[in-house]
Each structure stands twice: as C-alpha cells, then as structure tokens.
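What follows is a set of notes on a single structure, which appears directly below.
The values are calculated or read from the model by the stated rules, or taken from the named source; none is laboratory data. As the structure is a computational prediction, the values presented were derived from the model and not from experiment. For neighbour counting, all protein chains shown are included, and Cβ atoms are generated from backbone atoms with ideal geometry for every residue, glycine included. To get the accessible areas, we keep the full protein, side chains included, count just its heavy atoms, and leave off ligands, DNA and RNA. Shrake-Rupley method; radii C 1.70, N 1.55, O 1.52, S 1.80 Å.
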Amino acid sequence: MGSLDHVLCLPTERLALIDLKSNLTDHANRLSSWVGKDCCTWSGVVCDNVTGHVQEIHLRGPYYDQRLGGTISSSVIELLQLRYLDLSYNNFSDSSIPAFFGSFQNLIYLNLSYSGFGGEILHQLGNLSTLCVLDLSYSCSLYSKSLAWLRNLKVLQQLDMGGIDLAFASDWFKVISNLTSLLELHLPSCRLKRLPSNPTTVSFTSLISLDLSYNHFDSMLPGWIFSLHNLAFLDLTDCQINGVLPGTHGSFRSMPSLSTLFLSTNTFVNSSSLLNGLSSLSDLRQLDVSLCNISSPILANLQNLSLIEYVDLSYNRISEEIPKSLSNLCNITNLYLRYNNFSGNVSELLEKFCECESPKLEFLSLQYNNLIGQLPERLGKLKNLIQISLGNNNLTGTIPESIGRLGNLRYLVLHYNSLTGILTENHFANLTSLKHLWVKENKLVFKLNVNWIPPFKLKVLSAGSCGSGPQFPVWIQSQTDLTSLDVCNANISDTIPNWFWTTFPYVDYLNISHNNIQGKLGDVMSFAPGAILDLSNNRLRGVLPGNFSTTSILDLSNNKISGSLEQFLCSSIQNPRQLEFLNLANNNMSGVISDCWMNFRYLKILNLDKNQFTGIIPSSLGNISSLRSLKMDDNRLSGKLPPWLLNSTSLVVIKLAENELMGKIPSSIGRNNTSLRVLSLRSNKLEGKIPDEICHLSSLQILDLAHNDLSVNLPTCFTNFSVMSGNETACLIFQYRTSIVTASLVTKGNTYTYSTILYQVTTLDLSSNKFSGSIPDELVRLLGLRFLNLSHNDLTGTIPNLFNQIGKLESLDLSMNHLNGNIPLTLSHLTALNWLNVSYNNLVGRIPTGPQLQTFSESSFTENALCGDPLPACLLNNGNPQVTTDGHDESNHIDWILVIFALVGLAGGFGIILAPLFLSRRWRIAYYNFLEDFWFNLQDFIILLFLGLKKRFRSG
C-alpha cells in the first residue's frame with residue numbers, strides 16, 4: 001500500500017500549477033483534472049520519472065471555443081526544470097508576453113503561436129540560451145523593432161515569427177543569418193521591406209526550410225539564396241521579386257534536396273535558366289509558380305519528376321501543348337493549369353491518367369485554356385477525384401455515364417464548352433459528395449425522372465442554357481443547401497411552383513431569367529439578405545412584394561409585374577436597405593413612384609423604363625449619394641425637371657425620354673461638380689431656350705433633347721463638352737460589378753442599344769424642336785463628335801464650312817430646316833461619315849464630289865435645288881431648277897456670258913494646262929483634284945451670280 005500512496009509531484013511545483021490554474025479562465029473545463037496531490041497525473045503536465053520535476057506543459061487549445069484566457073501567474077518560475085512550454089491557440093487578450101518567461105533557463109521548446117499575446121516582444125526572451133524551438137507566430141499584435149535579443153540563442157534550430165510586425169527591425173537579416181544552428185526559418189507576413197543583396201556572411205547555410213512569403217520586397221533575387229544547398233522547403237510566395245540580381249549565376253540546380261518550392265506572384269521566375277533547372281529536382285513534390293507572368297514553355301521540365309504531387313501553374317501566359325507524358329506522373333494529386341493558353345487534347349491526358357495502376361489524382365483544374373477533346377469513357381476509374389474543372393475550353397462530345405461512379409467528387413466544373421447529349425440519373429448515381437455542379441453554356445439536356453431524388457446536396461447549381469424544361473425541374477426542391485442556383489435560358493415554360501419561394505434559405509444568387517416561366521410572385525422569406533435575384537425575361541405577374549427589397553440586386557425586367565411601388569418601397573421604411581441594383585423595366589407597373597427612397601443608401605442603378613408610372617420624380621431620390629444611373633424612359637411622368645437631378649454629383653446616366661415632363665430646363669443646371677455623361681430628355685414637353693449653363697456639364701458625351709418644344713437660338717458653348725470637343729479621351733462610363741452600362745439611342749434614323757462601346761459614343765441630338773437662327777460655328781468644332789442631329793427645326797443660313805474638322809463624325813442629319821446656299825466642299829472630306837440627310841431645305845448647286853457624298857441615296861438630298869451624283873447631272877443651261885422661274889427662256893443669255901468669261905480666261909487657261917508638265921506625279925494629281933473642285937465651285941458661283949442679277953433686274 002505504501003507504493004500506491006507515493007506522490008511523484010513536488011509540493012512547490014504543484015502549488016505553482018494550482019496558482020497558474022486559478023489565474024486562467026477555463027470556460028470549457030479543460031483543467032478539470034488539475035486536482036489532487038500528484039500534479040504529474042494532470043492533463044497536459046509531464047514530469048521527470050525520477051526527480052518528479054515538471055518538465056513539460058502542453059496547454060495547446062484544441063478548438064476555438066475551448067481556448068484558455070486570463071493571465072499567466074508568475075509562480076510558474078518555480079518550475080525550475082521546465083523544458084517544454086506550449087500555450088498555443090489560446091486567447092490572452094493582447095496582453096504582453098510575461099517577462100519572467102526569460103527565467104526558464106532549461107527551456108528548449110516555447111510555442112506561443114496563435115495565443116493572443118500582443119505588444120513588443122521583450123528582450124528577456126534572449127536569456128533562453130538553451131532554446132531550440134521558438135514559435136511566436138500569429139499571436140495577435142506582436143511586434144519587434146530589433147531582433148538583437150536573438151543573438152544569444154546560439155542553439156536555436158527552429159524560429160517561426162510569422163505575422164509579427166518587423167517593419168522597423170532593419171537588423172533582421174544580420175542577426176538571423178549568424179544563427180549557425182538554424183534549420184528552419186519562418187518569417188511570413190512580417191512586413192519586411194528589404195531583401196539584402198550582398199551580405200558579407202551567411203552562416204545559416206544548414207537551413208532546410210526557409211519561408212519569407214507575403215513580404216513585399218519589390219526587389220531582385222539575391223545570389224545568396226542559391227547558396228542554401230540543403231534547402232528542402234522554400235516559400236517566397238507574393239514577395240514581388242521582379243528579377244534575378246545581375247551577376248547571379250546560381251539556379252535551382254544548386255538545391256538538389258528541394259521537395260517544396262512555392263514562388264507564386266514573383267516575376268523573376270519567368271527565366272528560362274531557372275525554369276530549366278526544375279528538371280534536376282528529382283525530390284520535388286510540391287511546385288507553385290502561379291501568377292508569375294511565365295510565358296516560356298515549362299511542362300517538359302516537369303515530365304520526369306516522378307515524385308511530384310502538387311503542381312500549380314495557374315494565371316500565367318504559358319502557350320504550349322500539354323504533352324502526353326505529363327500524365328505519366330502517377331503520384332500527382334493536384335494539377336492546376338487554369339488561366340493560361342495551353343492547347344492539346346484533354347482526352348489523351350485523362351486517358352493516360354486512367355492507365356496509372358493506382359491513380360492518385362484528386363484535383364484537376366484546367367479551365368480557361370484552349371483545350372479540345374472530350375471526357376473519356378474510363379473517367380470513372382479516377383476514383384480519388386475531388387475536383388475536375390475544365391470550364392471555358394473547347395471540349396466537345398458527351399459526358400460519360402462513368403462519371404457517376406466518382407463518389408468523392410465535390411466539384412464538377414464543365415461550363416462554357418460545347419458539350420452535348422442527355423444527362424440522366426446514371427450520370428449522378430453515386431455522386432454522394434457532389435457540392436458544385438457547373439455545366440452552364442453547353443448544349444446539354446437534363447432528362448430526369450420526375451420522382452428522382454438526387455443522392456447529393458448541392459451548394460451550387462449552374463445549369464444556364466442547358467435544357468431543363470419544359471416542366472419546372474422538381475428535383476431542385478430537394479437541394480435545400482443551395483447558395484447559388486442558375487437555370488436561366490433552360491427552356492422552362494411551366495408555372496413556378498409555390499414551394500420555390502420558401503425552399504432555399506441560403507441562396508444568395510438566383511437566376512431563372514430568359515425562360516417562359518409563368519405564375520405569381522411569392523413572398524420571399526427564405527433568401528439570404530443581400531441576395532442577387534435575376535428573374536428577368538419571363539411571364540411573372542403580380543405585385544412586387546416588400547421583402548424583395550432586402551436583396552442587393554433585383555432584376556425583374558421584361559415580365560408582367562403590375563401594381564404600384566408602394567409596398568416595395570414604403571414597407572419598413574425606417575430600415576436601411578441593401579439594394580444596389582433595381583431593374584423593373586418593361587412591365588405593367590403604374591401609379592406614382594412613391595417618395596420612400598430615404599433608406600436606399602446603397603442604390604447605384606435604377607431602371608424603371610417602359611412602365612406606366614405617373615406623377616413627379618420623387619425628391620427622396622436626390623438623397624441617394626451613391627446613385628449612378630437613373631432610367632425612367634417611356635412612362636407618363638409629369639411635372640418639371642427637379643433642379644437636384646441635373647446637379648447630382650454622383651449621377652453618370654440620366655434617361656427620362658418619352659414622358660410628359662414640362663417647363664424649362666432649369667438655369668441652375670451644372671452648379672455642382674457633376675459627373676454626368678449621358679443625358680436623354682427626348683420626347684417630353686420641355687420648352688424655352690437651352691440655358692448656357694448646360695455647358696457646365698463638361699463631362700457630357702451623349703446629350704439628347706430631341707422632340708420637345710425648345711426654341712430660340714442654339715447655344716454657342718458646346719465646345720465646353722470635353723469629350724465631344726476632343727479635349728478629353730472617352731473612357732468607360734462606369735461599370736457595375738461585371739455589368740457594363742447599356743443605353744438605347746436614336747442614331748442614323750434608328751434605335752440602337754449600345755453596351756460595350758457605349759463609352760465611345762458621342763451624340764448631340766437636338767432634332768424636332770423649334771430652334772431658329774444659324775448653326776453656330778462652335779457646334780461644328782466638336783472634334784470628338786460621332787452623331788449630330790439638328791433635323792426638324794427652323795434653322796436658317798448656310799451649312800458651316802468647318803465640318804471637315806469633325807473627323808469622327810459618322811452621322812449628320814440637317815433635314816427639315818430652312819438652310820440655304822451650297823453644300824460646302826468640306827462635307828465631302830468626312831471619311832467616317834456613313835449617314836447623311838440634308839433633305840427638305842433650300843440648298844442649291846452641285847453636290848461636291850468626294851469619297852463619301854456619292855455613296856448616299858437620293859433621299860439624303862431630295863427636296864432641294866441640288867444636282868450632281870447621286871441626283872441627276874448638272875447642266876449648264878438648266879442644271880439649276882431656280883434658273884428660270886417666270887416662263888422666259890434666259891438660258892441663251894447665260895450661255896453667252898459664260899462664253900465671254902471662257903474667252904477672257906483662255907490665255908490664263910494655257911498656263912493652267914501647261915503647269916502640270918513642271919510638277920511631280922504626286923503634286924500633279926493634287927493639282928488636277930484642285931482644278932476639278934475649283935471648276936465645279938466656279939460654275940456654281942457663276943450660276944448663283946446671274947440668278948441674283950436676274951432678280952435684281954426684275955425688281956428694278
């Protein structure tokens with residue numbers, strides 16, 4: 001019995017441990033065993049079997065909710081023989097590392113990683129001269145301004161200070177490089193700024209592991225790296241090393257023991273000498289050179305690395321054919337080649353992997369390349385596959401049924417290919433682990449039994465543009481874990497089931513657009529807050545529910561939604577809304593637009609086009625400082641233009657065409673620093689003059705005021721529009737997430753919808769108003785203008801002679817005015833012009849010849865007194881319909897006078913004829929072109945001169 005009562009634990013050390021426990025917070029009762037006399041039997045305590053001294057304390061936190069906290073009692077210094085202390089993965093609330101830790105003279109292992117200590121690392125840790133392992137990594141907010149305290153740790157073998165702020169520790173390399181016993185050095189994410197290029201001594205040549213990842217050195221790779229011949233692990237991920245230091249002759253060949261090489265996000269890797277050195281690393285098991293801007297071929301350097309398990313070449317510019325020999329690497333588990341320009345036949349690659357005696361492949365990611373081929377029938381043999389990602393390639397053929405045997409498969413990503421065929425229950429028979437199914441934008445058809453219950457619970461289903469109809473796919477009802485559901489353009493023409501609106505509590509992305517789905521909108525109670533809902537281009541009806549406004553993106557355009565916006569906008573008006581994008585265009589909604597926009601503080605895009613809304617534009621819209629685009633075309637809105645609208649500092653696009661807005665354009669327009677690029681107010685009832693203040697909107701690229709009652713003279717300040725005038729280069733109007741702004745514009749006599757090139761469109765449309773006076777010269781100095789429409793007004797005077805300055809002009813419509821005189825010759829120099837209409841004016845004379853004007857039809861010039869191609873040819877005696885107006889034939893008089901003029905100029909004519917003999921060929925051609933234009937204009941001038949004389953004689 002005496003031996004059973006023997007207590008190994010020393011009383012002083014037991015009391016020290018009890019005091020330690022009493023100062024710790026232990027909500028999970030991890031220290032519940034710390035009772036009784038023998039502390040050597042307590043959980044996490046290890047004693048010497050002979051002396052009874054406590055030698056090790058293991059208090060690593062196993063789980064987040066079982067972390068210890070509180071303070072460390074100083075009584076632990078009584079543990080004189082303590083050799084091992086692990087307090088990692090606890091939470092000491094940003095308290096300092098106790099200074100008395102420096103008293104553990106026998107300590108060889110100290111691990112405080114992820115323990116929540118903060119502040120500056122105390123120099124007392126430098127007293128631990130016997131320490132072999134020191135891990136302080138990611139322990140809250142620790143920092144050190146100097147690492148001089150490390151100098152005394154002469155036997156240190158492993159040092160991990162990952163995540164500690166060493167931005168001001170300029171001595172880090174000088175100190176650490178002299179720790180001759182060091183085998184492992186881990187300094188990731190330490191905010192180190194300088195990678196020494198030519199150190200005088202590097203004593204830690206015994207290093208087998210070096211991790212400097214996520215320090216933005218932004219420098220060249222120094223040669224001393226290649227002197228670490230024993231390295232087995234090297235991680236320089238995201239160090240932004242841009243090249244190899246000149247004069248450096250080393251390569252990876254000098255590191256024959258390398259088994260792990262992580263170099264992602266460093267452009268120095270794009271070196272043929274370094275890449276070729278990979279082939280000599282026979283022990284290499286892990287390689288990551290993603291995001292390194294590699295353009296050179298690399299795969300040939302890998303095909304003999306028989307031990308390789310992990311390869312990531314993603315996000316480079318590699319253009320080469322994938323060799324068949326790559327699939328001889330039967331030990332490979334992870335192969336990531338995505339986002340490159342790889343070519344080749346994926347069928348051959350996968351067939352070879354299937355031939356491995358025991359294929360280990362788990363992750364295969366080849367999306368966004370130029371691969372061809374199809375999935376082999378033997379694909380089911382790759383039984384370890386967890387992910388197969390082949391999206392965005394050029395694959396053809398069908399999906400083999402053997403894929404249904406991949407019980408470990410979680411990710412099947414085949415979207416944006418040309419796959420065909422029918423998917424049945426057999427394709428999914430044993431996919432019990434499947435979570436992500438991406439087959440969008442293929443020519444696949446789902447033919448599943450209506451009573452089929454899948455063996456999986458998906459998180460993502462992306463099957464847009466694959467046939468899933470005509471009935472609504474009932475099997476989706478079982479997928480209650482979905483976070484993303486896309487069955488757009490799936491040939492569904494069924495009534496949406498009632499269960500649909502309450503089945504998916506976690507969905508944050510839903511796209512059922514471009515189908516023929518009917519039925520009534522339900523109350524959405526289960527979608528995740530801030531969800532993206534695209535229900536557009538269907539036949540959904542009913543009133544817009546109020547709880548739809550909790551989404552971030554809502555697109556219900558092109559449906560049959562009716563009723564007002566009252567419930568949607570004004571229910572729970574006091575609650576902030578997350579809505580950023582709202583598109584209700586092309587529906588049957590009516591009533592006033594409720595003034596309940598106060599809490600839509602994140603709204604950026606609002607489109608209410610083509611409904612039947614009435615009333616005024618609500619003033620609360622003016623309080624949304626984030627609003628970039630406001631579209632309310634084709635409604636029945638009335639009232640005056642609110643001044644805040646044209647003074648918004650956030651709005652880039654305003655489209656209010658086809659309404660019943662009235663009154664004048666406010667003269668307060670453009671007072672603020674606006675960013676407005678598109679303004680369309682066409683087809684309203686606006687009146688009065690265009691205020692000169694409109695030119696304060698200097699960013700305008702598209703101005704459409706057509707079909708109003710605007711009058712008086714045209715402004716002369718349009719040259720203030722910086723893009724139209726050519727003083728500023730057109731740029732992207734704005735982009736919302738991945739969507740580019742679209743706009744429907746009337747150009748060239750038709751309505752066109754612009755999207756990707758909208759930013760390049762510069763339009764000025766003032767047609768169908770009551771503008772009078774002449775066309776100001778300032779208007780034709782808009783060097784960046786592409787479309788100009790001044791038709792259907794009361795403009796007089798001549799066409800300005802400056803149009804040749806608008807080199808980008810593609811469309812010009814001056815029809816239905818009272819313009820007179822000639823068509824200026826400069827109009828024929830507009831080489832970009834592909835639409836012209838000057839019909840129904842009082843223009844006279846010959847149509848100038850040139851590269852463009854003769855390409856237009858007669859309708860472009862009709863109802864004028866014009867002649868010449870494309871109209872009938874001009875004749876000297878009756879080429880101008882205004883020559884004779886009273887029935888008397890005066891052509892003989894005109895002919896005689898022309899003869900006189902011809903005789904007078906005969907002598908000079910000889911000189912004109914002989915002059916080309918003395919000119920080079922290039923100048924001779926130019927000379928003849930000049931003579932032709934001169935003769936035609938002289939002839940027109942003579943005709944007009946005598947028409948004027950004739951009228952004067954008659955009036956006299």
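Looking only at segment 284-296, filter to residues that are aliphatic (A, V, I, L, M) and either under 14 Å from Thr333 (Cα atoms) or open to solvent by 10 Å² or more (accessible area, probe 1.4 Å) (or both); which one of those is farthest from the chain's Cα centre (by Cα)?
Initially, segment 284-296 is screened for residues aliphatic (A, V, I, L, M), giving 284, 287, 289, 291, 294.
If we keep only those that are either under 14 Å from Thr333 (Cα atoms) or open to solvent by 10 Å² or more (accessible area, probe 1.4 Å) (or both) as well, we get 284, 287, 291.
Working: Leu284: 36, Leu287: 29, Leu291: 18 Å.
The qualifying residue farthest from the chain's Cα centre (by Cα) is Leu284.
Residue by residue through segment 317-334, note down the ones that are more than 22 Å from Glu362 (Cβ to Cβ) and part of a loop (DSSP other than H, G, I, E, B).
Arg317, Ile318, Ser319, Glu320
Which ones in segment 321-363 are touching a Gly at 6+ places or on another chain (Cβ under 6 Å) and open to solvent by less than 10 Å² (accessible area, probe 1.4 Å)? Show your work before the answer.
The first filter runs over segment 321-363 and keeps only residues touching a Gly at 6+ places or on another chain (Cβ under 6 Å), leaving 321-322, 345-347.
Val346, the sole residue that qualifies.
What do you reckon, is Leu827 of a type outside the set (Ser, Thr, Tyr) and assigned to a strand (DSSP E or B)? Lay out the reasoning, then the answer.
Values: of a type outside the set (Ser, Thr, Tyr): yes; assigned to a strand (DSSP E or B): no.
The answer is no for Leu827.
Hey, can you tell me all the residues within segment 568-584 that are within 15 Å of Thr551 (Cα to Cα) and either free of Cβ contacts under 8 Å to residues at least 12 places away in the same chain or not hydrophobic (A, V, I, L, M, F, W, C) (or both)?
Ser571, Ser572, Asn575, Pro576, Arg577, Gln578, Glu580, Asn583 - these are the residues of segment 568-584 that are within 15 Å of Thr551 (Cα to Cα) and either free of Cβ contacts under 8 Å to residues at least 12 places away in the same chain or not hydrophobic (A, V, I, L, M, F, W, C) (or both).
Within 33 Å of the chain's Cα centre (by Cα) and surrounded by fewer than 16 Cβ atoms within 10 Å (Cβ to Cβ) - does that describe any residue in segment 635-643? Give the steps one after another, and end with the answer.
Going residue by residue through segment 635-643, those that are within 33 Å of the chain's Cα centre (by Cα) are 635.
Those left that are additionally surrounded by fewer than 16 Cβ atoms within 10 Å (Cβ to Cβ): none.
Scanning segment 635-643, I find no residue that is within 33 Å of the chain's Cα centre (by Cα) and surrounded by fewer than 16 Cβ atoms within 10 Å (Cβ to Cβ), so the answer is no.
Looking only at segment 741-763, count how many residues are hydroxyl-bearing (Ser, Thr, Tyr) and either modelled with pLDDT of 90 or more or buried (at least 18 other Cβ atoms within 10 Å of the Cβ) (or both). Spell out the reasoning first.
Of all residues in segment 741-763, those hydroxyl-bearing (Ser, Thr, Tyr) come to 742, 744, 747, 751-756, 759, 762-763.
Okay, now just the ones that are also either modelled with pLDDT of 90 or more or buried (at least 18 other Cβ atoms within 10 Å of the Cβ) (or both), so 747, 754, 759, 762-763.
Total meeting the criteria: 5.
Consider Arg378 carefully, then state whether it is open to solvent by 20 Å² or more (accessible area, probe 1.4 Å) and touching a Cys at 6+ places or on another chain (Cβ under 6 Å).
Details: open to solvent by 20 Å² or more (accessible area, probe 1.4 Å): yes; touching a Cys at 6+ places or on another chain (Cβ under 6 Å): yes.
Taking the combined requirement at face value, the residue satisfies it.
Here is a yes/no grid of residues against (1) in a strand (DSSP E or B); (2) under 29 Å from the mean Cα position of the chain (by Cα):
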| position | (1), (2) |
| --- | --- |
| Ser699 | no, yes |
| Ala706 | no, no |
| Ser711 | yes, no |
| Glu728 | no, yes |
| Thr756 | no, yes |
| Val780 | no, no |
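Read through the list (1) part of a loop (DSSP other than H, G, I, E, B); (2) open to solvent by less than 10 Å² (accessible area, probe 1.4 Å); (3) within 23 Å of Ser271 (Cα to Cα), then give the number of the only condition that Asn198 fails.
Asn198 satisfies every listed condition except (2).
Please verify whether segment 485-507 includes one or more residues that are crowded, with 16+ Cβ neighbours inside 10 Å, over 20 Å from Ser468 (Cα atoms) and at pLDDT 90 or above.
no
Could you list, in sequence order, the residues of segment 513-559 that are of a type in the set (D, E, K, R) and assigned to a loop (DSSP other than H, G, I, E, B)?
Going residue by residue through segment 513-559, those that are of a type in the set (D, E, K, R) are 520, 523, 534, 539, 541, 555.
Hit for segment 513-559 is Asp523, nothing else.
Test Ser791 against the criterion of being in contact with a His (Cβ under 8 Å, 6 or more places away or on another chain) and either of a type in the set (Gly, Ala, Ser) or open to solvent by 30 Å² or more (accessible area, probe 1.4 Å) (or both), and give yes or no. Step through it out loud before you land on a result.
Working: in contact with a His (Cβ under 8 Å, 6 or more places away or on another chain): no; either of a type in the set (Gly, Ala, Ser) or open to solvent by 30 Å² or more (accessible area, probe 1.4 Å) (or both): yes.
Considered against the rule, which asks whether it is in contact with a His (Cβ under 8 Å, 6 or more places away or on another chain) and either of a type in the set (Gly, Ala, Ser) or open to solvent by 30 Å² or more (accessible area, probe 1.4 Å) (or both), Ser791 comes out as no.
Can you pull out the strands (runs of 3 or more DSSP E) entirely within segment 1-106 that have at least 1 residues that are touching a helix residue (DSSP H, G or I) at 6+ places or on another chain (Cβ under 8 Å), exposed (fewer than 13 other Cβ atoms within 10 Å of the Cβ) and on the phi > 0 side of the Ramachandran plot? Steps first, please.
Numbers: elements: 45-47, 54-58, 84-86.
Passing ranges: none, list empty.
Checking Leu284 against (1) in a loop (DSSP other than H, G, I, E, B); (2) farther than 25 Å from Ser227 by Cβ; (3) among the hydrophobic types (A, V, I, L, M, F, W, C), which test does it fail?
(2)
Let's see how each residue does on (1) over 18 Å from Gln760 (Cα atoms); (2) open to solvent by 10 Å² or more (accessible area, probe 1.4 Å); (3) free of Cβ contacts under 8 Å to residues at least 24 places away in the same chain; (4) assigned to a loop (DSSP other than H, G, I, E, B):
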site	(1), (2), (3), (4)
Asn801	yes, yes, no, yes
Lys808	no, yes, no, yes
Ser815	yes, no, no, yes
His818	yes, yes, no, yes
Tyr840	yes, yes, no, yes
Leu843	yes, no, no, no
Pro848	yes, yes, no, yes
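Say we look at segment 126-139 and pick out the residues that are within 27 Å of Tyr64 (Cα to Cα), out of contact with any His (no Cβ under 9 Å at 6 or more places or on another chain) and at pLDDT 95 or above; which of these is surrounded by the fewest Cβ atoms within 10 Å (Cβ to Cβ)?
Kept after step one, since they are within 27 Å of Tyr64 (Cα to Cα), are these residues of segment 126-139: 133-139.
Then keep just the ones that are out of contact with any His (no Cβ under 9 Å at 6 or more places or on another chain); that gives 133-134, 136, 138-139.
Remaining after also requiring at pLDDT 95 or above: 133-134, 136, 138.
Details: Val133: 17, Leu134: 23, Leu136: 24, Tyr138: 20.
Taking the candidates together, the pick is Val133.
Considering each residue of segment 402-439, count those that are of a type in the set (D, E, K, R), in contact with a helix residue (DSSP H, G or I) (Cβ under 7 Å, 6 or more places away or on another chain) and farther than 25 Å from Thr333 by Cβ, and give that number. Walk me through how you get there before you give the answer.
Residues of segment 402-439 that are of a type in the set (D, E, K, R), as a first pass: 405, 410, 425, 435.
Now narrow it down to the ones that are in contact with a helix residue (DSSP H, G or I) (Cβ under 7 Å, 6 or more places away or on another chain): 405.
Adding the requirement that they be farther than 25 Å from Thr333 by Cβ leaves none.
The number of residues fulfilling the criteria is 0.
Return the pairs, sorted by first residue and then second, in which the second residue is part of a strand (DSSP E or B), the first residue lies in segment 255-266 and is farther than 10 Å from Leu284 by Cβ, the beta carbons are less than 6 Å apart, and the residues are 6+ apart or on different chains.
So the pair list comes out as Phe262/Asp235; Phe262/Asp288; Ser264/Asp288.
Within segment 764-783, how many residues are open to solvent by 10 Å² or more (accessible area, probe 1.4 Å) and in contact with a Lys or Arg (Cβ under 9 Å, 6 or more places away or on another chain)?
Looking only at that region, the number is 2.
Quick one: count up the residues across segment 261-281 that are assigned to a strand (DSSP E or B) and open to solvent by less than 10 Å² (accessible area, probe 1.4 Å). Spell out how you get there, then give the answer.
Step one: of segment 261-281, the residues assigned to a strand (DSSP E or B) are 261-262.
Restricting the remaining residues to those that are open to solvent by less than 10 Å² (accessible area, probe 1.4 Å) gives 261.
Number of matching residues: 1.
When only residues in segment 313-361 that are free of Cβ contacts under 8 Å to residues at least 40 places away in the same chain, of a type in the set (Lys, Arg) and in contact with a Ser or Thr (Cβ under 9 Å, 6 or more places away or on another chain) count, which is nearest to Glu377 (Cα to Cα)?
The residue in question is Lys352.
Quick check on my filter: what residues within segment 297-316 are farther than 16 Å from Ser365 by Cα, open to solvent by 60 Å² or more (accessible area, probe 1.4 Å) and either in a helix (DSSP H, G or I) or modelled with pLDDT of 95 or more (or both)?
Ala300
Among the residues of segment 823-858, which ones are among the hydroxyl-bearing types (Ser, Thr, Tyr) and either on the phi > 0 side of the Ramachandran plot or modelled with pLDDT of 95 or more (or both)?
Keep residues of segment 823-858 that are among the hydroxyl-bearing types (Ser, Thr, Tyr), which gives 826, 828, 831, 839-840, 849, 855, 857.
Matches in segment 823-858: Ser839, Tyr840.
Would you confirm whether or not segment 658-680 contains a residue that is of a type in the set (S, T, N, Q) and in a strand (DSSP E or B)? Explain how you work it out, then say what you get.
Quick first cut of segment 658-680, residues of a type in the set (S, T, N, Q) only: 659, 667-668, 672-675, 680.
After this cut, where a residue has to be in a strand (DSSP E or B) as well, the list is 680.
The answer is yes, given that some residue of segment 658-680 is of a type in the set (S, T, N, Q) and in a strand (DSSP E or B).
Read through the list (1) modelled with pLDDT of 95 or more; (2) surrounded by 22 or more Cβ atoms within 10 Å (Cβ to Cβ); (3) more than 32 Å from the chain's Cα centre (by Cα), then give the number of the only condition that Leu390 fails.
Condition (3) is where Leu390 drops out.
Can you work out which of the residues in segment 151-166 that are within 20 Å of Arg83 (Cβ to Cβ) and aliphatic (A, V, I, L, M) is most open to solvent (accessible area, probe 1.4 Å)?
Initially, segment 151-166 is screened for residues within 20 Å of Arg83 (Cβ to Cβ), giving 152-160.
Now narrow it down to the ones that are aliphatic (A, V, I, L, M): 153, 155-156, 159.
Numbers: Leu153: 0, Val155: 62, Leu156: 1, Leu159: 1 Å².
Once the filter is applied, the top-ranked residue is Val155.
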